[in-house]
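A short write-up of the structure that comes next.
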Amino acid sequence: MATLYYVHDPMCSWCWAFRPTLTELLAVLPAHIKVQYLVGGLAPDSDEPMDETTQAMIQKHWHTITKKIPTTQFNFDFWTNNIPRRSTYPACRAVLAAKAQAPDKEDAMILAIQQAYYLHAQNPSDDDTLIQCATSIDLDTAQFQQDLHAKHTQQQLQHDIQQVQNMGVYSFPSLVLEDNAQLNPIAIDYNNAFNILKQL
């Protein structure tokens, strides 16, 4: 068996843009390749409001994405409806908490966070948003809230981040194929799953 690692952050806009192509790719993967998601953790915990320069930078990324991958949707109301924080670790922990409770709902949690953020202009740096996401995919809400701030969840986040760094991955999304104990970076084509499949 080979392992295809998908390194992501649920609040990474390029990961949101890559989702349709990733879904196509996973649907046609050869049976001998298993998939493992790793959260890379873009931005640590912070209660500080995001400065205007960072807000402008991220909004510029959104505009760039809509030009390069026109099917990607963003709700720019996010920037006026919220007090943005440069903090993605809560969303990463939410994915890990969902995975711990129901491994088959890991991707559903990622999608719920992405839709809350990019389509519904809600803030996944806030617990309330993450709890709503967990409820929407039928997780045990009380268990989720407990796991979200549990020590073991934070430890798993640090473990994922360390594994990602050991792979030499510092940008998201990234794909790495491990085969015969060798790590092979896979170039991402945001618009063509077949081009990625050919590399595999």
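Readers should treat all values here as calculations from the given coordinates under stated rules, not as data from a laboratory. Every value quoted in this text rests on a predicted model; they were computed, and no experiment measured them. Heads up, the Cβs are rebuilt from the backbone with ideal geometry, glycines too, and the neighbour counts pull from every protein chain shown.
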TODO: Sum -39500 (n - 2.57) across every DSSP H segment of at least 4 residues in the chain, then divide by the residue count to get the 222 nm mean residue ellipticity, nearest 500.
DONE: -15000 deg cm²/dmol
Open item on the list: With unit charges on the beta carbons (Lys and Arg positive, Asp and Glu negative) and the dipole taken about the Cα centre of the chain, which residue among Val164, Ser87, Ile110 sits farthest to the positive side?
Closed with: Val164
Open item on the list: Could you tell me the center-to-center distance, by alpha carbons, between the stretch 72-88 and the stretch 12-71 in angstrom?
Closed with: 14 Å
Task: Residue among Trp79, Trp16, Trp62 with the largest mean-square fluctuation in a Gaussian network model of the chain, springs linking Cα atoms under 10 Å - done: Trp79
Task: Cβ charges +1 (Lys, Arg) and -1 (Asp, Glu), total dipole of the stretch 1-118, debye - done: 320 debye
Open item on the list: Suppose every Lys and Arg Cβ carries +1 and every Asp and Glu Cβ carries -1, with no other charges. What dipole size does the chain come out with about its Cα centre, to the nearest 20 debye?
Closed with: 560 debye
TODO: Would you mind checking the pairs Lys105/Lys151; Lys68/Lys151; Lys68/Lys198; Lys34/Lys151 and listing those with alpha carbons more than 31 angstrom apart?
DONE: Lys68/Lys151
Task: Charge sum, other residues only, whose C-beta stays under 13 Å from Gln158's C-beta, Lys/Arg counted +1 and Asp/Glu -1 - done: 0
Open item on the list: For the chain, take N as its residue count and report Rg(C-alpha) divided by 2.2 N^0.38 Å.
Closed with: 1.00
Open item on the list: Among Met109, Met50, Met11, which one shows the highest mean-square fluctuation when the chain is modelled as a Gaussian network with alpha-carbon springs under 10 Å?
Closed with: Met50
